[in-house]
Amino acid sequence: MPSQKSIINLHSKTLPFNSARIFTCVLLVLLCLTTSSAESSISELEGVIQDQTSAPIARAQITLRNGPVIIAEATSNSDGRFRLNVATTLDTILLVRAQGFANFESRLNTLQTNSPELKITLAPSPISEQVTVTATRTETRLGDTAASITSIPSEEILTTAAITLDDTLRQVPGFSLFRRSGSRTANPTSQGVSLRGTGASGASRAVVLADGIPLNDPFGGWIYWSRVPRTSINSIEVLRGGASHLYGSAALGGVINIFTREARSPVLLFETSYGNQQTADASLFAAGRKGRWGASISAETFHTDGYIIVDERERGRVDVPANSRNAVARLKLERELSSTAKVFAAASFFGESRSNGTPLQINRTHIRQFAVGGDWQTPQAGAFTLRAYGGTQVYDQIFSAVNSTRSLETLTRVQRVPAQSTGFSIQWSRAVLKRQTFIAGLEAREVRGASDEIVYVAGRPTSLVGAGGRERTIGLFFEDIVRLTPTLFITAGARLDRWRNYDALSAARPFSSAPASNITFPDRGETAFSPHISLLYKPADKLSLYASATRAFRQPTLNELYRSFRVGDVLTLANENLRAERLNSGEAGANFSSFNQKLNVRGSFFWTEIALPVANVTLTVAPNLITRQRQNLGRTRSRGIEVEWDARLTNQLTVSGGYLFADATVLSFP
């Protein structure tokens, strides 16, 4: 019994000890569970993705990762908001990616998770990481693009001191207009674009697009730079170098591509300014969204009293300030059919009036345009883009002759140019095995235009003259982007264009008893084949080298083919036998980045040769009349170098610059 008692006593003494151990283990387990529960207490994560101006960023990709394992993904909506219903820990990594912005990556424990929602602010992506569309007609990293291209974001457009779009583009090396004066005072027929010294005439030697729709005048090829309100512009891409292999005629010297804002969230932007010469302007953009529907309206107005454009030592009584005023309104309605498909319809109205430096020399323009389109993308079939557009316009102008002392002005012609245009484009692109991308498409356009004029002699009307015709163009293009190795890219493409001019005539009916004359021009057509090839090599992650060769063309406009005109004592005759300008070009360059991509330098050497350029050739010179005619010359050449650089000092401060040297010369004439 004593031994039994001793056993009993031993148990009675060890029971409290075991209970303590058990109690301690339970506490430890509960503590671990509590800690684990605290660490994974975030079962729902929501927030908003915005840029540095607090504007929401739609379609940003949000990824949650535990080590290498992805545990959840989401996409921000039109308001920039996202929500993830998943158990996470504070050590979970949050990654946010959005086009045009630098990637954001952080652990959740470094973010402010106590607030109702996360606010993630994305900084603009480094230049080499920015995505461009213009160079290949599909999304491509700028650092992987074998072309000379400049991107201007909306922040730069809104903060620049320039109040017209063409003045904003002067910050791009190589950009210039036919005349040195800008669109504030220059006649619209002198606002053709020249890139890299290709030498514009009234007709532009670069195509200007707004959301894929050409802005070049359908009759004369010049540009109305105020047709797109500045506050509605999301970005501008300028591609220097021939691009007819993707964009057809007028892309002889390059492409200026304007992208407008989408109605992703409620937004209101307003900008106004006032300066000397009674120069005032205002620009507005407003957008809203309800469900899958979005709508936006943009408008802009401009007025200036201008200045006298003749040198003070040569001025006379007829010289007055060259003033101008214009207004534009654009309406756009969007509908999301699904997360991968959307359609839109848009309409725009533009009016402009100018005084060109004398009491009689004035011009007016009225343009109406509509556009519809859609975008659809699937992993299996690829991406499809459809655009259709049409418009009408009327251009009025009065011409006069001024005597040698600039004391007397005499009316010479009153002109009206009605023009209509319709067109459509369809494009398909598809990536294959992440190493190859195919792009193919079809474009078609039809233009009808005429010039109706009243001719004056000695201030009295003497006859009615008219000229015009029609033009139909169709083009097929194909491009293949291949990643041969992780460091070597090759791009090859070509386009075939066929155009026909028909129903062309010139008529004159004198007010006297003299007989009327009618000339019917024969139908004519031409074909252009525009191949392109480029190679890009990346010996290091921060360095890329490229070279390219291309052929391009520009077909003559209806204005150049059929319309004669007179300015003062200079008469310029039309030429129905003009042929298309043909370009051969090549370039080689490099892109370099350093200091964690905060410093980016791009440079290239280019060579361009144009055969059969259209220019005005003097035929006869008389005391009171100089007669010229548009003709195809022999050959011109432009070669040189260009360098661009930008340095991001802080997230809010970037310094950039550029330099272009172009040696342009006439090689043969005629």
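Quick note: the coordinates plus some simple rules give every number you see, no bench work behind them. Keep in mind it's a predicted model, so treat the numbers as computed, not measured. Cβ placement follows ideal geometry from the backbone for every residue including glycine, while neighbour counts extend to all protein chains displayed.
Summing +1 for each Lys or Arg and -1 for each Asp or Glu among the other residues whose beta-carbon sits under 12 angstrom from that of T198 gives +4. The C-alpha atoms of the chain define a longest principal axis, and helix 2-39 lies at about 10 degrees to it. Each principal axis of the Cα cloud of the stretch 408-512 was evaluated for its coordinate range; sorted largest first, these ranges are 75, 33, 16 Å.
Shape verdict for the stretch 193-319, please, from the Cα gyration tensor: rounded (a/c under 1.5), prolate (a/b greater than b/c) or oblate. Oblate, because a/c is 1.5 or more while a/b does not exceed b/c.
Using only Cα atoms, what is the ratio of the radius of gyration of the stretch 482-566 to 2.2 N^0.38 Å? Please report the intermediate quantities before stating the final value.
Details: Rg = 24.3 Å, N = 85, 2.2 N^0.38 = 11.9 Å.
Ratio of Cα Rg to 2.2 N^0.38 Å: 2.04.
Computed over the chain, relative contact order equals 8 percent, with contacts defined as Cα pairs under 8 Å that lie 6+ residues apart.
Restricting to bridges with both residues inside the chain, how much of the DSSP beta-bridge set is antiparallel, in percent to the nearest 5? Mind showing how you got there, number by number?
On the way: 291 of 303 bridges.
Restricted to the chain, the bridges split so that about 95 percent are antiparallel.
Other residues lying with their Cβ under 13 Å from the Cβ of A322 contribute a combined charge of +3, Lys and Arg counting +1, Asp and Glu -1.
Between the stretch 459-478 and the stretch 359-373, the alpha-carbon centres lie 17 Å apart. Between the alpha-carbon centres of the stretch 383-430 and the stretch 192-271 there is a gap of 15 Å. Both numbers refer to the Cα atoms of the chain; Rg and Dmax are 32.2, 155 Å. If the Kirkwood radius is taken over C-alpha pairs of the stretch 448-507, then at 10 °C and 1.306 mPa s the Stokes-Einstein diffusion coefficient equals 98 µm²/s. Using bins of 10 Å that start at zero, the share of Cα-Cα pairs per bin across the stretch 42-121 amounts to 19, 58, 22, 1, in whole %.
Hey, can you rank 583-596, 158-171, 210-223 by average C-beta count inside 10 Å, highest first? Could you put the intermediate results ahead of the total?
Values: 583-596: 18.1, 158-171: 16.4, 210-223: 23.3.
In decreasing order of mean packing, 583-596, 158-171, 210-223 become 210-223, 583-596, 158-171.
Volume per residue of the convex hull around the Cα atoms, evaluated for the stretch 185-257, comes out as 91 Å³. Electrostatic tally near L464: other residues with Cβ closer than 10 Å to its Cβ, Lys and Arg +1, Asp and Glu -1, net -1.
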